[in-house]
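The values are calculated or read from the model by the stated rules, or taken from the named source; none is laboratory data. This one's a predicted model, so the numbers in the text were calculated from it and none came from an experiment. Every residue, glycine as well, gets a Cβ built from its backbone with ideal geometry; the counts of neighbours run over all protein chains shown.
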């Protein structure tokens, strides 16, 4: 999806095999939320809990041809898309909807996007004026003016730009410049010499060539263009930070003035650039993420000819428009980005792609419709109660820490108590006043929405921070922690089964959404989040003694996950995934203790032949059920800060004594770790 400017784990059964999972000998009350048919009884829960809990599900849920992975998240997202489609089609049927209303915006956007006859008839005429403007560029100034203009409508050549809270002053929104300008998923694809990386670079050149040919460029010229694009992007990649390096927020915080930025890049007149991007002159400084990258960009501005930059800009325009113009262009983009990079066999139906775009462009308008019909008020209340319960447990766990000094504990508790919770949907919806959406011009609608969102974001600069704003739309099946806001956010989309089931027992809900809630809380205290204080400011509020102890504890997690082999010789990157692994372990530990305070957690009552503790851990494992294509798995090992699902389950549980007791894990089992090698942080 295109850039949208605005922009992120028993003594009773010890040695007895798996017989307790036969419900025939249990007089327990029938439960909901865990389906024993999803288990794989041929797998020991003490050797591979993920495989045991999900093996049956995995075998019976092959990946659909239009997906790269298929799991609980994907199924829920797919169901949400169907609901959103119904809402969009209903809105599109209302020809008399008030201008600017959610019905008018969503309905007309949907109608224009689904009118493939009109889109094909328009062909490449929507991008022809910009292509011609690029062709007529005569000097570097013209190149940079075009870069500014393209950034304003959603493309992102050369670098990434966004207005955001100053990491060291969370009350101020300032311009921020980050490395960017690449078409492949990560810098490593341009630099590594392994067989897969080389193959992808070759395929990329073929893809860029094909895109230019589709647009009408002859093959020889198109091939030369593709090589130029790869050469420029490779040099930008060489000057880019790795994803692991960028996990240190102090390394990516560089406060600079316009004059200071100009001195790093004499070829770029940043005041003019920012003005062309719609940035109001309400700032005294900028935040630069990667000074070395911006220096690399300066070298490239000098070493590449104007004609080379024109090729690069034309490619960026084609890449931006690949799913907004003809089917031929979109299918070529699908062939490379989805089939080659991720192994997807078929493109998703158009209605699914359009729903994704509508959610990106008009998220609050579509979100209002969604929560009104599909999000019951009691779900928000119950989720809020869970957050309160987990907060209380986290408070006590911090107080009990034996490795943290008292002064740091006081500050940690202050941060915990200051966390803002957002559940379900925003209190204040965006007013899309001034955005023009018509029923008959899809390309222009996307541009209009992108420009509107760009202006919306730029206007934040110099204004008080709006702490009520959300970074995800209500139908999103996900959750997040924002360190600059010190907030945890749980959209309505994730507050439904299997994560949250009002009909299920507490064990299932605490193991599911409880672990998710605890996960997001723990992000405030992971290797990145711990560097932000209660107000969301980047600061060294830990004592050096505490920081050293924390580093030693987290090294255990890095080493553990580095040892997991996913594909052939490809390992999990323990440093890249550290934050998520800390959050998985911390979140599940907190959720377990909170669960043990419930009536069920205190009892010995069996349900479907399972103890309460066993249901808790199964509730956690089953939310990660899923299959993934090898190509997608390989890409995610490079780009995704989350570990593969199997290791989010097995890796996390191998550190928890409570899991050992629940399933009788002993030193002869594969999931067993000696106590000295178990990670214990929060």
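Of (1) over 22 Å from residue 44 (Cβ atoms); (2) in a helix (DSSP H, G or I), residue 658 satisfies all except one. Which?
(1)
Return yes or no: is residue 280 surrounded by fewer than 19 Cβ atoms within 10 Å (Cβ to Cβ) and within 24 Å of the chain's Cα centre (by Cα)? Show your work before the answer.
Values: surrounded by fewer than 19 Cβ atoms within 10 Å (Cβ to Cβ): yes; within 24 Å of the chain's Cα centre (by Cα): no.
The answer is no for residue 280.
I'm trying to understand the selection: among the residues of region 78-113, which are assigned to a helix (DSSP H, G or I), more than 27 Å from the chain's Cα centre (by Cα) and crowded, with 17+ Cβ neighbours inside 10 Å? Spell out the reasoning first.
In the first step, residues of region 78-113 are kept if they are assigned to a helix (DSSP H, G or I); the result is 78-92, 102-113.
Applying the additional criterion that residues be more than 27 Å from the chain's Cα centre (by Cα) yields 89-92, 103-104, 107-108, 111-112.
Passing the criteria: 91, 92, 103, 104, 107, 108, 111, 112.
Return the only residue of 295, 310 being at pLDDT 95 or above, touching a helix residue (DSSP H, G or I) at 6+ places or on another chain (Cβ under 8 Å) and crowded, with 19+ Cβ neighbours inside 10 Å. Break it down into steps so the answer makes sense when it comes.
Values: 295 fails: crowded, with 19+ Cβ neighbours inside 10 Å.
Selected residue: 310, the only one of 295, 310 that is at pLDDT 95 or above, touching a helix residue (DSSP H, G or I) at 6+ places or on another chain (Cβ under 8 Å) and crowded, with 19+ Cβ neighbours inside 10 Å.
Is there a residue being assigned by TED's automatic domain parsing to the domain that holds residue 595 and at positive phi anywhere in region 637-649?
So in region 637-649, the residues assigned by TED's automatic domain parsing to the domain that holds residue 595 come out as 637-649.
Retained after the next criterion (residues that are at positive phi): none.
No - not one qualifying residue is present in region 637-649.
Could you go through region 243-261 and let me know if any residue there is surrounded by fewer than 20 Cβ atoms within 10 Å (Cβ to Cβ), modelled with pLDDT of 95 or more and either in the same structural domain as residue 541 (by TED's automatic domain parsing) or closer than 20 Å to residue 155 by Cβ (or both).
no
Given the residues 364, 356, 402, which is the only one that is out of contact with any helix residue (DSSP H, G or I) (no Cβ under 7 Å at 6 or more places or on another chain) and farther than 30 Å from residue 114 by Cβ?
Values: 364 fails: farther than 30 Å from residue 114 by Cβ; 356 fails: farther than 30 Å from residue 114 by Cβ.
Just a single option satisfies the conditions, and that option is 402.
Between 581, 573, which is modelled with pLDDT of 95 or more, under 27 Å from the mean Cα position of the chain (by Cα), under 30 Å from residue 194 (Cβ atoms) and outside any helix (DSSP H, G or I)? Show your work before the answer.
Values: 581 fails: outside any helix (DSSP H, G or I).
One residue alone meets the criteria, 573.
Does residue 302 meet the test of being assigned to a helix (DSSP H, G or I), over 26 Å from the mean Cα position of the chain (by Cα) and more than 24 Å from residue 537 (Cβ to Cβ)?
Numbers: assigned to a helix (DSSP H, G or I): yes; over 26 Å from the mean Cα position of the chain (by Cα): yes; more than 24 Å from residue 537 (Cβ to Cβ): yes.
The answer is yes for residue 302.
Which of the numbered conditions does residue 555 fail, given that it passes all the others? Conditions: (1) at negative phi; (2) outside any helix (DSSP H, G or I).
Here residue 555 clears every test but (2).
At least 1 residues that are within 30 Å of residue 338 (Cα to Cα) in each: list the helices (runs of 4 or more DSSP H) lying fully within region 353-441 that qualify.
Details: elements: 363-374, 377-400, 406-418.
The helices (runs of 4 or more DSSP H) meeting that bar are 363-374.
Are any residues in region 135-186 in contact with a strand residue (DSSP E or B) (Cβ under 8 Å, 6 or more places away or on another chain), part of a loop (DSSP other than H, G, I, E, B) and farther than 18 Å from residue 277 by Cβ, and if so, which ones?
Across region 135-186, the qualifying residues are 167, 168.
Select from region 202-229 the residues that are within 22 Å of residue 186 (Cβ to Cβ) and surrounded by fewer than 19 Cβ atoms within 10 Å (Cβ to Cβ) and write down the one among them that is nearest to the chain's Cα centre (by Cα).
Among those residues, the one meeting the criterion is 203.
Hey, could you check region 59-75 for residues that are surrounded by 19 or more Cβ atoms within 10 Å (Cβ to Cβ) and out of contact with any strand residue (DSSP E or B) (no Cβ under 6 Å at 6 or more places or on another chain) and say which is farthest from residue 337 (Cα to Cα)?
Ranking the qualifying residues of region 59-75, first place goes to 72.
Being assigned by TED's automatic domain parsing to the domain that holds residue 652 and in contact with a strand residue (DSSP E or B) (Cβ under 6 Å, 6 or more places away or on another chain) is the requirement here; does residue 488 meet it?
Details: assigned by TED's automatic domain parsing to the domain that holds residue 652: yes; in contact with a strand residue (DSSP E or B) (Cβ under 6 Å, 6 or more places away or on another chain): yes.
So residue 488 fits the description; yes.
Does residue 65 satisfy the condition of being in the same structural domain as residue 473 (by TED's automatic domain parsing) and not in a helix (DSSP H, G or I)?
Yes.
State which residue is farthest from the chain's Cα centre (by Cα) when the search covers only region 594-612 and only residues that are buried (at least 21 other Cβ atoms within 10 Å of the Cβ) and part of a helix (DSSP H, G or I).
Ranking the qualifying residues of region 594-612, first place goes to 612.
Within region 642-673, can you find the residues that are surrounded by 19 or more Cβ atoms within 10 Å (Cβ to Cβ) and within 30 Å of residue 339 (Cβ to Cβ)?
643, 644, 645, 646, 647, 648, 649
Pick out the one residue from 301, 271 that is surrounded by fewer than 18 Cβ atoms within 10 Å (Cβ to Cβ), in contact with a helix residue (DSSP H, G or I) (Cβ under 8 Å, 6 or more places away or on another chain) and within 19 Å of residue 458 (Cβ to Cβ). Reasoning before the result, please.
Values: 301 fails: within 19 Å of residue 458 (Cβ to Cβ).
Only one candidate qualifies: 271.
Please name all residue pairs, on different chains or six or more residues apart, with Cβ atoms under 9 Å, provided the first residue is in region 666-682 and is closer than 23 Å to residue 52 by Cβ and the second residue is at pLDDT below 95.
These pairs meet every condition: 666/14; 666/15.
Return the total of residues in region 616-641 being under 24 Å from residue 343 (Cβ atoms), in a helix (DSSP H, G or I) and in contact with a helix residue (DSSP H, G or I) (Cβ under 7 Å, 6 or more places away or on another chain).
Summing the residues that are under 24 Å from residue 343 (Cβ atoms), in a helix (DSSP H, G or I) and in contact with a helix residue (DSSP H, G or I) (Cβ under 7 Å, 6 or more places away or on another chain) in region 616-641 gives 5.
Could you list, in sequence order, the residues of region 451-464 that are farther than 11 Å from residue 163 by Cα and crowded, with 17+ Cβ neighbours inside 10 Å?
451, 452, 453
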